[in-house]
1. Looking at this model, which pairs from K291/K482; K276/K468; K291/K439; K20/K468; K276/K427 are more than 32 angstrom apart at the alpha-carbon?
2. Taking neighbour Cβ counts within 10 Å as the exposure measure, how do F77, F16 sort from fewest upward?
3. For the range 5-97, what does the alpha-carbon gyration tensor say about shape, rounded, prolate or oblate, given a ≥ b ≥ c as the root eigenvalues, a/c under 1.5 as rounded, and a/b over b/c as prolate?
4. Using only alpha carbon pairs under 8 Å that are at least six residues apart, calculate the relative contact order of the range 91-228 and give it in whole percent.
5. Let me check I've understood the local charge: for H97, count other residues with C-beta under 13 angstrom from its C-beta, Lys and Arg +1, Asp and Glu -1. What total comes out?
6. In whole Å and largest first, what semi-axes does the C-alpha gyration tensor of the chain yield when each eigenvalue is scaled by 5 and square-rooted?
7. Most exposed first by the Cβ proxy, i.e. fewest other Cβ within 10 Å, how do H304, H79 rank?
8. Mind jotting down the distance between the C-alpha centroids of the range 365-440 and the range 455-470, whole Å?
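Every read-out reported here was derived from the displayed coordinates using simple, explicitly stated rules and does not represent laboratory data. None of the values given here were measured: they were computed from a predicted structure. Note: ideal-geometry Cβ built from the backbone for every residue, glycine included; neighbour counts use all protein chains shown.
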Amino acid sequence: MPFDPDYIRLVLNENFEDAKRAFLEPLMAIHYAHLVMLTEQRIVPLDAARRIRNGLDAIDVDAVRRACYDGCDEDLFFHIERLLTSACGPDIAGRLHTARSRNDIDMALYRLQLRQLLLQVLAASAGLRAVLAELASKHVDTIFPAHTHTQPAQPTTVAHYLLAVIEQLERDHGRLTAAFRTVNQNPLGACAITGTGFPIDRDRTAELLGFDRPTGNTYGSVASADYLLESVSAVQVALVGLGRFVQDLLLWCTVEFDYVRLPDGFVQTSSVMPQKRNPVALEHARALASKALGQAVGISVAIHNTPYGDVVDTEDDLQPLVSSMFHDAIRATALVAAAMRQAEFNVVRMRERASAAWITVTELADTLAREHELPFRTAHSIAAGVVRDAQQQTGVKATRPLSETIEKLSRDLAGHPIALSDEELRKVLSPEYFVAVRKTPGGPAREVIEPAIAVARERLDLHEREIKAFRTQIDDAASNLKEIVARL
């Protein structure tokens with residue numbers, strides 16, 4: 001029965017084009033791997049296997065990519081099957097579909113594609129980490145005011161801030177690699193949903209396609225979508241973290257902050273305002289990340305409340321959204337890395353801001369508690385009184401020295417006066433001292449930050465080697481499959 005023209009126009013043609021773009025090569029690999037397994041298990045005779053191989057070899061993949069949907073076949077799978085049948089006849093070609101279904105084939109296709117997308121996200125994330133680690137190494141002593149609740153809070157360093165972002169990206173790596181391992185399992189052999197009575201070898205097709213192992217339960221192998229949702233969730237977390245970092249960078253690029261200056265190649269001017277230097281690369285990165293985040297939510301919504309089984313909701317119509325989400329996530333991450341590679345930090349401006357608004361006064365309270373044995377709450381009250389007194393004297397010509405204020409407040413609040421010289425106060429209230437004494441593990445002091453940067457680089461090297469190992473496993477499997485097919 002021919003398909004309705006509207007169904008062809010609205011569904012089948014679109015899905016055919018999408019499948020050609022994303023799944024043609026994985027589908028051919030699945031055909032070859034299944035053929036090898038059937039031959040080795042003596043399910044298909046060697047002579048027939050060779051004719052099937054020759055038929056698959058005869059398929060012009062480039063011609064398939066150029067082909068327009070003509071309504072003769074339901075989808076790309078049947079289009080390839082028709083080409084194979086034309087090459088070696090129905091009696092021979094039909095043997096290739098022994099002990100399998102489009103259900104387990106589709107799930108294998110999606111996993112083969114998804115693992116490549118995950119590797120691209122992992123590589124983009126690693127690239128951003130490399131850029132940030134290099135920037136951190138250059139700005140170990142670059143002090144700026146950290147904010148809490150959008151207000152200046154305490155001095156820290158650019159390196160300290162960037163390491164926080166790097167550690168978040170390291171955790172993203174852990175989530176993404178865990179998702180990769182979930183994805184990299186072979187559903188072939190599950191067939192329609194209950195497996196098969198043929199003596200297949202699921203481990204063999206897993207090996208030939210570079211999967212780590214077969215999936216388990218055959219029902220779940222074609223019904224489950226959590227492998228996809230885990231990957232999408234890992235990317236969602238990464239995108240939210242990236243977006244928050246980009247939001248800071250855009251704020252720092254404003255004239256009012258003037259902390260960061262992007263290279264000329266990543267800014268644009270206005271068509272009417274020649275003074276403008278718009279950091280549009282970061283705006284594009286924010287937009288792409290937000291778009292990808294929305295697409296990720298859309299994927300979850302599309303799967304939500306669908307039956308636990310083989311349904312199109314998780315298949316042809318959803319896959320372009322998956323590819324688009326990953327594509328935009330990769331673009332956003334790589335764009336931030338590219339824009340920041342040669343970014344310049346306004347060291348002087350940041351230092352000035354780190355000395356304003358009394359943001360070092362926490363250390364005055366700490367010093368009173370640590371070196372003068374005051375209860376911290378008392379020390380905190382004295383430090384707060386110092387700030388209040390200074391603010392009340394704003395505009396007054398003759399201001400009271402801080403040392404006198406501290407002596408008076410300590411007498412009133414602690415019961416005895418504490419004398420701190422002007423030199424001691426300048427030291428205690430300097431942003432450099434504030435950073436230097438914070439040697440807490442994970443803190444901003446140089447002796448803490450420099451080893452932390454070294455550790456970050458070691459982890460990056462380890463993770464890059466891990467990504468390379470994943471790629472090598474896949475590439476080696478593809479080469480091995482090609483050689484085995486040729487020897488049939």
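1. Table pairs above 32 Å Cα-Cα are K291/K482; K276/K468; K291/K439; K276/K427.
2. Working: F77 19, F16 22.
Ordered by Cβ neighbours within 10 Å, fewest first: F77, F16.
3. The shape class here is prolate.
4. Numbers: 171 pairs, mean separation 42.3, N = 138.
Taking the mean separation of contacting Cα pairs over the length of the range 91-228, I get 31 percent.
5. Details: positive: R82, R95, R100, R102; negative: E81, D91, D104.
Neighbour charge sum, excluding H97 itself: +1.
6. Working: eigenvalues 793, 108, 72 Å².
After scaling each eigenvalue by five and taking roots: 63, 23, 19 Å.
7. Values: H304 10, H79 22.
Least to most surrounded, the residues fall as H304, H79.
8. The distance from the Cα centre of the range 455-470 to that of the range 365-440 comes to 47 Å.
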